[in-house]
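This report refers to the structure that appears directly beneath it.
The values are calculated or read from the model by the stated rules, or taken from the named source; none is laboratory data. Small disclaimer: the values here were computed from a predicted structure and weren't measured. FYI the Cβ positions are ideal-geometry reconstructions off the backbone, even for glycines, and counts take in every protein chain you see. The protein model used for the area step is the full one, side chains on, heavy atoms only, and it has no ligands, DNA or RNA in it. Shrake-Rupley method; radii C 1.70, N 1.55, O 1.52, S 1.80 Å.
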Amino acid sequence: MNKKGKAARGCEGCPAHHAGNLRRLGVEMEEWDYVVALAGNPNVGKSTVFNALTGLRQHTGNWPGKTVSRAEGGFVYGGSRFKIVDLPGTYSLLATSLDEEIARDFLLFGRPDVTVVVADAMRLERNLNLVLQVFEITDRVVLCLNLMDEARRRGLRVDDRLLSRELGVPVVPATARHGEGIPRLLEEIRAVAAGETVPKPRRLEKGPRVLQGAVARLAGEIEEAFPGLPNARWVALRLLDGDRTIAEAVRKGDLGDLTRAGPEPADEPRSGEESR
(Lines give C-alpha, C1' and ligand atoms only; values in the text may rest on other atoms or scores of the structure.)
Protein backbone atom coordinates (compact mmCIF):
# COMPACT_ATOMS: atom_id res chain seq x y z
CA MET A 1 0.00 0.00 0.00
CA ASN A 2 1.38 3.36 -1.02
CA LYS A 3 0.54 6.47 1.03
CA LYS A 4 1.31 9.42 -1.20
CA GLY A 5 0.72 12.04 1.47
CA LYS A 6 -0.35 14.72 -0.96
CA ALA A 7 -3.13 15.28 -3.40
CA ALA A 8 -3.09 12.94 -6.34
CA ARG A 9 -2.31 14.35 -9.74
CA GLY A 10 -3.45 13.37 -13.21
CA CYS A 11 -5.45 10.21 -13.77
CA GLU A 12 -4.52 8.72 -10.39
CA GLY A 13 -7.21 10.89 -8.83
CA CYS A 14 -9.80 10.34 -11.55
CA PRO A 15 -12.88 8.18 -10.92
CA ALA A 16 -12.35 4.56 -11.97
CA HIS A 17 -15.98 3.51 -12.35
CA HIS A 18 -17.56 2.58 -15.69
CA ALA A 19 -20.60 4.88 -15.90
CA GLY A 20 -22.17 3.04 -18.85
CA ASN A 21 -22.01 -0.37 -17.20
CA LEU A 22 -23.19 1.10 -13.90
CA ARG A 23 -26.24 2.48 -15.70
CA ARG A 24 -26.99 -0.97 -17.11
CA LEU A 25 -26.64 -2.29 -13.56
CA GLY A 26 -29.25 0.24 -12.43
CA VAL A 27 -26.94 2.82 -10.88
CA GLU A 28 -26.99 6.41 -12.16
CA MET A 29 -23.94 8.57 -11.41
CA GLU A 30 -24.90 12.01 -12.77
CA GLU A 31 -25.04 13.61 -9.31
CA TRP A 32 -22.14 11.70 -7.77
CA ASP A 33 -18.36 11.83 -7.97
CA TYR A 34 -17.50 8.30 -6.85
CA VAL A 35 -19.25 4.96 -6.39
CA VAL A 36 -18.45 2.70 -3.47
CA ALA A 37 -19.35 -1.01 -3.34
CA LEU A 38 -20.03 -2.58 0.03
CA ALA A 39 -19.26 -6.31 0.07
CA GLY A 40 -19.05 -8.97 2.75
CA ASN A 41 -20.22 -12.32 4.04
CA PRO A 42 -23.77 -12.57 5.41
CA ASN A 43 -24.21 -11.60 9.09
CA VAL A 44 -21.06 -9.49 9.44
CA GLY A 45 -22.94 -6.26 10.17
CA LYS A 46 -22.67 -4.98 6.60
CA SER A 47 -26.08 -3.35 6.73
CA THR A 48 -25.13 -1.59 9.97
CA VAL A 49 -22.01 -0.20 8.29
CA PHE A 50 -24.17 0.90 5.34
CA ASN A 51 -26.57 2.72 7.68
CA ALA A 52 -23.71 4.35 9.59
CA LEU A 53 -22.21 5.70 6.35
CA THR A 54 -25.44 6.87 4.71
CA GLY A 55 -27.82 7.84 7.51
CA LEU A 56 -31.25 8.36 5.93
CA ARG A 57 -29.94 8.99 2.41
CA GLN A 58 -30.93 5.51 1.25
CA HIS A 59 -33.14 3.87 -1.35
CA THR A 60 -34.08 0.29 -2.10
CA GLY A 61 -35.14 -1.41 -5.29
CA ASN A 62 -34.28 -4.56 -7.18
CA TRP A 63 -31.27 -5.29 -9.34
CA PRO A 64 -32.33 -4.87 -12.98
CA GLY A 65 -34.01 -8.04 -14.23
CA LYS A 66 -33.55 -9.76 -10.86
CA THR A 67 -35.70 -10.40 -7.83
CA VAL A 68 -32.77 -9.64 -5.50
CA SER A 69 -33.16 -6.38 -3.57
CA ARG A 70 -30.54 -3.66 -3.84
CA ALA A 71 -29.89 -0.87 -1.37
CA GLU A 72 -28.02 2.26 -2.33
CA GLY A 73 -27.38 5.51 -0.57
CA GLY A 74 -24.99 8.38 -0.47
CA PHE A 75 -22.90 10.68 1.62
CA VAL A 76 -20.80 13.77 1.18
CA TYR A 77 -17.33 13.75 2.65
CA GLY A 78 -14.22 15.83 2.04
CA GLY A 79 -16.02 17.91 -0.57
CA SER A 80 -16.91 14.87 -2.73
CA ARG A 81 -20.19 13.04 -3.27
CA PHE A 82 -20.11 9.30 -2.79
CA LYS A 83 -22.80 6.86 -3.90
CA ILE A 84 -22.61 3.57 -2.03
CA VAL A 85 -24.18 0.31 -3.24
CA ASP A 86 -24.80 -2.51 -0.78
CA LEU A 87 -24.03 -5.77 -2.60
CA PRO A 88 -25.75 -9.03 -1.62
CA GLY A 89 -24.01 -10.82 1.23
CA THR A 90 -21.89 -13.64 -0.23
CA TYR A 91 -19.21 -16.08 0.87
CA SER A 92 -17.51 -16.02 -2.53
CA LEU A 93 -17.61 -14.52 -6.02
CA LEU A 94 -17.68 -17.86 -7.84
CA ALA A 95 -21.14 -17.17 -9.30
CA THR A 96 -22.68 -20.37 -7.96
CA SER A 97 -25.72 -18.39 -6.81
CA LEU A 98 -27.62 -15.34 -8.06
CA ASP A 99 -26.27 -13.25 -5.16
CA GLU A 100 -22.69 -14.18 -6.01
CA GLU A 101 -23.26 -13.45 -9.71
CA ILE A 102 -24.67 -9.99 -8.93
CA ALA A 103 -21.78 -9.11 -6.61
CA ARG A 104 -19.19 -10.39 -9.09
CA ASP A 105 -20.70 -8.55 -12.08
CA PHE A 106 -20.90 -5.28 -10.17
CA LEU A 107 -17.23 -5.42 -9.15
CA LEU A 108 -15.99 -6.66 -12.52
CA PHE A 109 -18.07 -4.52 -14.87
CA GLY A 110 -19.12 -1.53 -12.75
CA ARG A 111 -15.53 -1.01 -11.59
CA PRO A 112 -16.42 0.85 -8.37
CA ASP A 113 -13.96 3.51 -7.25
CA VAL A 114 -13.68 1.86 -3.85
CA THR A 115 -14.81 -1.53 -2.58
CA VAL A 116 -15.28 -1.77 1.17
CA VAL A 117 -15.23 -5.37 2.35
CA VAL A 118 -16.84 -5.78 5.75
CA ALA A 119 -15.44 -8.68 7.78
CA ASP A 120 -16.35 -10.14 11.15
CA ALA A 121 -13.36 -9.56 13.44
CA MET A 122 -14.26 -12.75 15.32
CA ARG A 123 -14.25 -14.91 12.19
CA LEU A 124 -11.53 -13.27 10.18
CA GLU A 125 -10.04 -16.43 8.71
CA ARG A 126 -13.33 -17.48 7.13
CA ASN A 127 -14.02 -13.95 5.89
CA LEU A 128 -10.63 -13.63 4.21
CA ASN A 129 -11.74 -16.06 1.49
CA LEU A 130 -14.01 -13.38 0.04
CA VAL A 131 -11.43 -10.64 0.66
CA LEU A 132 -8.82 -12.48 -1.43
CA GLN A 133 -11.34 -13.06 -4.22
CA VAL A 134 -12.17 -9.34 -4.29
CA PHE A 135 -8.42 -8.64 -4.53
CA GLU A 136 -8.36 -10.64 -7.77
CA ILE A 137 -10.82 -8.20 -9.36
CA THR A 138 -9.91 -4.77 -7.99
CA ASP A 139 -7.02 -2.99 -6.27
CA ARG A 140 -9.20 -0.31 -4.72
CA VAL A 141 -10.16 -2.09 -1.52
CA VAL A 142 -10.63 -1.02 2.10
CA LEU A 143 -11.15 -3.75 4.70
CA CYS A 144 -13.53 -2.87 7.54
CA LEU A 145 -13.09 -5.14 10.58
CA ASN A 146 -16.51 -4.91 12.17
CA LEU A 147 -17.76 -6.24 15.53
CA MET A 148 -14.53 -5.32 17.28
CA ASP A 149 -16.42 -4.90 20.56
CA GLU A 150 -17.51 -8.55 20.43
CA ALA A 151 -13.97 -9.62 19.58
CA ARG A 152 -12.57 -7.71 22.56
CA ARG A 153 -15.26 -9.17 24.83
CA ARG A 154 -14.08 -12.64 23.85
CA GLY A 155 -10.45 -11.77 24.47
CA LEU A 156 -9.49 -11.68 20.79
CA ARG A 157 -6.90 -9.18 19.63
CA VAL A 158 -6.45 -8.20 15.98
CA ASP A 159 -3.31 -6.32 14.96
CA ASP A 160 -4.89 -4.18 12.26
CA ARG A 161 -1.62 -2.48 11.32
CA LEU A 162 0.12 -5.81 10.72
CA LEU A 163 -2.91 -7.09 8.84
CA SER A 164 -2.87 -3.97 6.66
CA ARG A 165 0.82 -4.51 5.83
CA GLU A 166 0.26 -8.18 5.04
CA LEU A 167 -2.81 -7.58 2.86
CA GLY A 168 -1.61 -4.35 1.25
CA VAL A 169 -4.86 -2.45 1.78
CA PRO A 170 -6.17 -0.07 4.48
CA VAL A 171 -7.70 -1.95 7.41
CA VAL A 172 -10.17 -0.14 9.68
CA PRO A 173 -11.26 -1.66 13.02
CA ALA A 174 -14.87 -0.73 13.73
CA THR A 175 -17.95 -1.31 15.81
CA ALA A 176 -20.46 0.16 13.39
CA ARG A 177 -23.48 -0.08 15.70
CA HIS A 178 -21.78 2.38 18.05
CA GLY A 179 -20.18 4.50 15.33
CA GLU A 180 -16.69 3.37 16.32
CA GLY A 181 -14.29 3.49 13.39
CA ILE A 182 -16.73 5.16 10.99
CA PRO A 183 -14.86 8.52 10.80
CA ARG A 184 -11.64 6.70 9.89
CA LEU A 185 -13.50 4.50 7.40
CA LEU A 186 -14.84 7.61 5.68
CA GLU A 187 -11.34 9.04 5.43
CA GLU A 188 -9.87 5.83 4.02
CA ILE A 189 -12.65 5.65 1.41
CA ARG A 190 -11.94 9.24 0.39
CA ALA A 191 -8.19 8.72 0.20
CA VAL A 192 -8.49 5.60 -1.99
CA ALA A 193 -11.11 7.21 -4.25
CA ALA A 194 -8.95 10.31 -4.71
CA GLY A 195 -5.82 8.28 -5.42
CA GLU A 196 -4.00 9.55 -2.34
CA THR A 197 -3.80 6.00 -1.01
CA VAL A 198 -2.94 3.36 -3.60
CA PRO A 199 -3.63 -0.14 -2.24
CA LYS A 200 -1.40 -2.99 -3.37
CA PRO A 201 -3.54 -6.00 -2.47
CA ARG A 202 -1.80 -9.30 -1.95
CA ARG A 203 -2.70 -11.77 -4.63
CA LEU A 204 -2.12 -15.49 -4.74
CA GLU A 205 0.42 -15.38 -7.54
CA LYS A 206 2.26 -18.55 -6.58
CA GLY A 207 1.38 -21.92 -8.02
CA PRO A 208 2.64 -24.51 -10.44
CA ARG A 209 4.64 -22.97 -13.25
CA VAL A 210 2.49 -24.74 -15.82
CA LEU A 211 -0.65 -23.17 -14.33
CA GLN A 212 0.85 -19.69 -14.22
CA GLY A 213 1.92 -20.04 -17.84
CA ALA A 214 -1.58 -21.15 -18.85
CA VAL A 215 -3.14 -18.22 -16.99
CA ALA A 216 -0.78 -15.74 -18.66
CA ARG A 217 -1.42 -17.11 -22.16
CA LEU A 218 -5.17 -17.23 -21.70
CA ALA A 219 -5.24 -13.72 -20.18
CA GLY A 220 -3.37 -12.44 -23.23
CA GLU A 221 -5.91 -13.96 -25.58
CA ILE A 222 -8.78 -12.50 -23.53
CA GLU A 223 -7.23 -9.03 -23.59
CA GLU A 224 -6.89 -9.32 -27.36
CA ALA A 225 -10.51 -10.40 -27.79
CA PHE A 226 -11.95 -7.92 -25.26
CA PRO A 227 -9.76 -4.79 -25.19
CA GLY A 228 -10.23 -2.74 -22.06
CA LEU A 229 -11.54 -5.61 -19.93
CA PRO A 230 -10.75 -4.60 -16.33
CA ASN A 231 -9.13 -7.86 -15.20
CA ALA A 232 -8.34 -10.42 -17.86
CA ARG A 233 -6.26 -12.48 -15.40
CA TRP A 234 -9.27 -12.98 -13.14
CA VAL A 235 -11.41 -13.99 -16.13
CA ALA A 236 -8.70 -16.45 -17.18
CA LEU A 237 -8.67 -17.99 -13.70
CA ARG A 238 -12.46 -18.33 -13.75
CA LEU A 239 -12.38 -20.00 -17.17
CA LEU A 240 -9.75 -22.47 -16.02
CA ASP A 241 -11.87 -23.13 -12.94
CA GLY A 242 -14.84 -24.05 -15.13
CA ASP A 243 -17.08 -21.01 -14.49
CA ARG A 244 -19.91 -21.68 -16.95
CA THR A 245 -21.38 -18.17 -16.87
CA ILE A 246 -18.04 -16.58 -17.75
CA ALA A 247 -17.43 -19.22 -20.43
CA GLU A 248 -20.85 -18.47 -21.93
CA ALA A 249 -20.12 -14.73 -21.93
CA VAL A 250 -16.87 -15.38 -23.79
CA ARG A 251 -18.47 -17.79 -26.25
CA LYS A 252 -21.25 -15.31 -27.10
CA GLY A 253 -18.81 -12.43 -27.27
CA ASP A 254 -20.78 -10.36 -24.80
CA LEU A 255 -18.24 -10.27 -21.99
CA GLY A 256 -18.43 -6.80 -20.59
CA ASP A 257 -21.70 -6.08 -22.31
CA LEU A 258 -24.48 -6.15 -19.74
CA THR A 259 -27.28 -5.29 -22.14
CA ARG A 260 -29.03 -8.41 -20.91
CA ALA A 261 -29.86 -6.42 -17.76
CA GLY A 262 -33.37 -5.08 -17.81
CA PRO A 263 -34.59 -1.54 -17.11
CA GLU A 264 -33.98 -0.05 -13.71
CA PRO A 265 -36.95 -0.48 -11.39
CA ALA A 266 -38.37 2.52 -9.61
CA ASP A 267 -36.70 3.17 -6.27
CA GLU A 268 -38.72 3.37 -3.11
CA PRO A 269 -38.09 5.61 -0.11
CA ARG A 270 -36.19 3.81 2.59
CA SER A 271 -35.87 4.57 6.25
CA GLY A 272 -34.79 2.89 9.43
CA GLU A 273 -32.80 -0.31 9.76
CA GLU A 274 -32.61 -2.79 6.95
CA SER A 275 -34.43 -6.04 7.28
CA ARG A 276 -31.64 -8.15 5.80
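Kindly check whether there is at least one residue in the range 179-198 that is open to solvent by 50 Å² or more (accessible area, probe 1.4 Å), among the basic types (Lys, Arg) and modelled with pLDDT under 95. No, the range 179-198 has no match at all. Within the range 24-65, being among the aromatic types (Phe, Trp, Tyr) and either surrounded by fewer than 17 Cβ atoms within 10 Å (Cβ to Cβ) or farther than 19 Å from residue 114 by Cα (or both) holds for one residue alone: 63. The one condition from (1) more than 29 Å from residue 244 (Cβ to Cβ); (2) of a type in the set (S, T, N, Q); (3) open to solvent by less than 20 Å² (accessible area, probe 1.4 Å); (4) modelled with pLDDT of 85 or more that residue 80 does not meet is (3). Every listed requirement among (1) touching a residue at least 60 places away in the same chain (Cβ under 8 Å); (2) open to solvent by 20 Å² or more (accessible area, probe 1.4 Å); (3) under 11 Å from the mean Cα position of the chain (by Cα) is met by residue 118 save one, (2). What tally of residues in the range 18-62 results from selecting those that are closer than 30 Å to residue 122 by Cβ, touching a strand residue (DSSP E or B) at 6+ places or on another chain (Cβ under 8 Å), in contact (Cβ under 8 Å) with a residue 60 or more places away in the chain and outside any strand (DSSP E or B)? The qualifying residues number 11.
Consider only pairs whose beta carbons are under 6 Å apart and that are at least six residues apart or on different chains; among these, list those whose first residue lies in the range 137-165 and is closer than 30 Å to residue 195 by Cα and whose second residue is in a strand (DSSP E or B) and of a type in the set (Asp, Glu). Going by the 6 Å Cβ cut-off, the qualifying pairs are 147/120. Taken residue by residue, the range 132-143 has no member that is within 22 Å of residue 177 (Cβ to Cβ), open to solvent by 20 Å² or more (accessible area, probe 1.4 Å) and at pLDDT below 95. From the list 176, 216, the one residue that fits, being in contact with a Gly (Cβ under 7 Å, 6 or more places away or on another chain), closer than 24 Å to residue 107 by Cα and not polar (S, T, N, Q), is 176. Just checking, does the range 144-152 include any residue being of a type outside the set (Phe, Trp, Tyr) and under 23 Å from residue 231 (Cβ atoms)? Looking for residues that are of a type outside the set (Phe, Trp, Tyr) and under 23 Å from residue 231 (Cβ atoms), one finds at least one in the range 144-152, hence yes.
For the range 104-115, enumerate the residues that are out of contact with any strand residue (DSSP E or B) (no Cβ under 6 Å at 6 or more places or on another chain) and either within 16 Å of residue 50 (Cα to Cα) or open to solvent by 20 Å² or more (accessible area, probe 1.4 Å) (or both). 111, the sole residue that qualifies. Of the residues 205, 268, 224, the single one that is surrounded by fewer than 18 Cβ atoms within 10 Å (Cβ to Cβ), of a type in the set (D, E, K, R) and at pLDDT 85 or above is 224. Scanning the range 34-62 for residues that are under 17 Å from the mean Cα position of the chain (by Cα), more than 22 Å from residue 149 (Cα to Cα) and of a type outside the set (Ser, Thr, Tyr) gives 35, 36, 37.
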